[in-house]
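Student: The structure's right below; bear with me while I get my questions together.
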Amino acid sequence: MNFVVAADHPCLPGHFPDRPLVPGVVVLERVLDALQAQHGVLPALRLPQVKFLQPLLPGQTARVELERIEQARIEQAPADAAKAEPAPAPPLRWRFRVRRGEELLASGEIVAASAPPADARA
């Protein structure tokens, strides 16, 4: 998903007065917008790892790239398999990159909270 933060965005005055930069929180907001555009509304999200490598300037076009990180389900082998409950699904995870052309501006991971088991939603 491509995006541009306009020069009149309300976050820019004061960030910084003579050389405005798009704040990292605005870049991350665009990353979350891209994720939800692809997957709909997700449960609580967290960003355990984020790196900002280069600044984004107002009016520049940036691109969000998302990649799903597959995780194996951990199988449990209890003594009495008849009483065993299925292992919870691993949380959904994505790796993201924000680029201006081929230049990497930011990268990190997004983790969505796992949905509770059906019987716990009562």
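The values are calculated or read from the model by the stated rules, or taken from the named source; none is laboratory data. If you're wondering where the values come from, they're calculated on a predicted model, not measured in any experiment. Glycine also receives a Cβ, built like all others from the backbone with ideal geometry; neighbour counts cover every protein chain displayed. Accessible surface areas use protein heavy atoms only, side chains included; no ligands, DNA or RNA. Shrake-Rupley method; radii C 1.70, N 1.55, O 1.52, S 1.80 Å.
Student: Determine whether segment 9-22 contains at least one residue that is closer than 25 Å to residue 89 by Cβ and in contact (Cβ under 8 Å) with a residue 40 or more places away in the chain.
Tutor: So far as segment 9-22 goes, no, none of its residues is closer than 25 Å to residue 89 by Cβ and in contact (Cβ under 8 Å) with a residue 40 or more places away in the chain.
Student: Would it be correct to say that residue 112 is modelled with pLDDT under 90 and touching a Pro at 6+ places or on another chain (Cβ under 7 Å)?
Tutor: no
Student: For segment 13-44, which positions are more than 21 Å from residue 99 (Cβ to Cβ) and aliphatic (A, V, I, L, M)?
Tutor: If the condition is that a residue be more than 21 Å from residue 99 (Cβ to Cβ) and aliphatic (A, V, I, L, M), then 41, 42, 44 are the ones that fit.
Student: Please specify each residue of segment 5-35 satisfying the condition of being farther than 22 Å from residue 51 by Cβ and open to solvent by 70 Å² or more (accessible area, probe 1.4 Å).
Tutor: Across segment 5-35, the qualifying residues are 7, 8, 10, 13, 17, 18.
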